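As structure tokens, the structure follows; a few thoughts come after it.
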Amino acid sequence: YVRAYATNSAGTAYGNEVSFTTTGGGGLAIGDTYQGGIIAYFYQPGDLGYVAGETHGIIAAPTDQSTGAQWGCYNTNIGGTQSGIGYGAANTTAIVNGCAEAGIAARICDDLVLNGYSDWYLPSINELEQLSVNLHANGIGSFIDGYGYWSSTEYGANYAWGFTFYNGNADYYLDSKSFTTYVRAVRAF
């Protein structure tokens with residue numbers, strides 16, 4: 001609610017009270033350029049990182065960080081990675097701490113300093129899906145059609161989850177950790 005007023009030597013005069021409602025994202029929208037990248041998702045109740053009454057979510061880097069990186073550490077079980085929204089940062093930390101290989105997808109994201117931000121990570125599989133649904137499907141973010149992107153969600157010692165972006169469609173897939181594919185970093189806000 002707002003109400004204008006003016007005070008002078010004659011006293012104070014008040015205007016009409018006016019009410020208005022702001023948008024749930026604090027004026028922010030999916031696809032907006034914000035804090036170093038592109039807003040890809042707003043956290044919902046049940047997501048790790050959701051805080052009632054506050055606006056938080058995921059920002060995607062505006063371009064790919066690699067067109068051919070391995071997930072890394074084939075034949076090594078990192079363990080503990082999660083698929084849900086809000087888990088990508090913890091997954092990335094687990095991968096980087098459990099796999100010393102250079103140039104792997106998680107390390108590329110973890111080492112990234114872009115547009116003044118250094119807290120980038122490799123998205124979980126469900127976070128990566130939101131990039132497809134909210135950005136790629138709307139022609140935002142320059143994602144490559146028909147090519148897979150690594151997630152930070154592992155599936156045993158030899159496989160990890162990826163996500164393929166198609167024209168309006170997308171598919172989860174499991175691939176060998178030694179396979180090379182695209183990498184797109186995200187960060188939370």
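Here are the numbers:
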quantity	calculated
Using alpha-carbon coordinates, inclination of helix 88-98 to the longest axis of the chain, degrees	40
Dipole magnitude of the chain, debye to nearest 20 (Cβ charges: Lys/Arg +1, Asp/Glu -1, about Cα centre)	220
Semi-axis lengths (Å, descending) of the ellipsoid that matches the C-alpha gyration tensor of region 104-179	19, 19, 9
Estimated [θ] at 222 nm from DSSP helical runs (n ≥ 4, -39500 (n - 2.57)) normalised by residues in the chain, nearest 500	-4000 deg cm²/dmol
Efficiency of FRET between SER142 and ASN75 - r from beta-carbon atoms, R0 41 angstrom, step 0.05	0.75
Solvent-accessible heavy-atom area per residue, rounded to whole Å², over the chain at 1.4 Å	50
Between 0 and 90°, nearest 10: helix 125-134 axis offset from the chain longest Cα axis	50
Added length on full extension, which subtracts the Cα-Cα distance from 0.36 nm per residue, GLU54 to ASN8	12.7 nm
Share of carbon and sulfur in the accessible heavy-atom surface of the chain [1.4 Å probe, %]	48
Unmatched cysteines, the chain - criterion: no other Cβ of a Cys under 4.7 angstrom	CYS109
The chain: Rg to Rh, with Rh as the Kirkwood radius over Cα pairs	1.18
Per-pair calculated FRET efficiency, R0 = 45 Å: ALA100 and TYR34 via Cβ, rounded to 0.05	0.85
Linear extension gain, SER118 paired with GLN44, 0.36 nm per residue minus alpha-carbon span	24.2 nm
Kirkwood-type radius of region 63-163, with distances r between different C-alpha atoms, in Å	13.7
Neighbourhood charge, 14 Å Cβ-Cβ cut-off, centred on ARG107 and excluding it, Lys, Arg +1 and Asp, Glu -1	-2
Residue order for VAL96, VAL113, VAL133 - accessible surface, 1.4 angstrom probe, largest first	VAL113, VAL133, VAL96
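The values are calculated or read from the model by the stated rules, or taken from the named source; none is laboratory data. What you see is a predicted model; the values in this text were computed from it and never measured. A quick note on method: Cβ atoms are made from the backbone with ideal geometry, for glycine too, and the neighbour counts reach across all protein chains shown. The accessibility values were calculated without ligands, DNA or RNA, using every heavy atom of the protein model including side chains. Shrake-Rupley method; radii C 1.70, N 1.55, O 1.52, S 1.80 Å.
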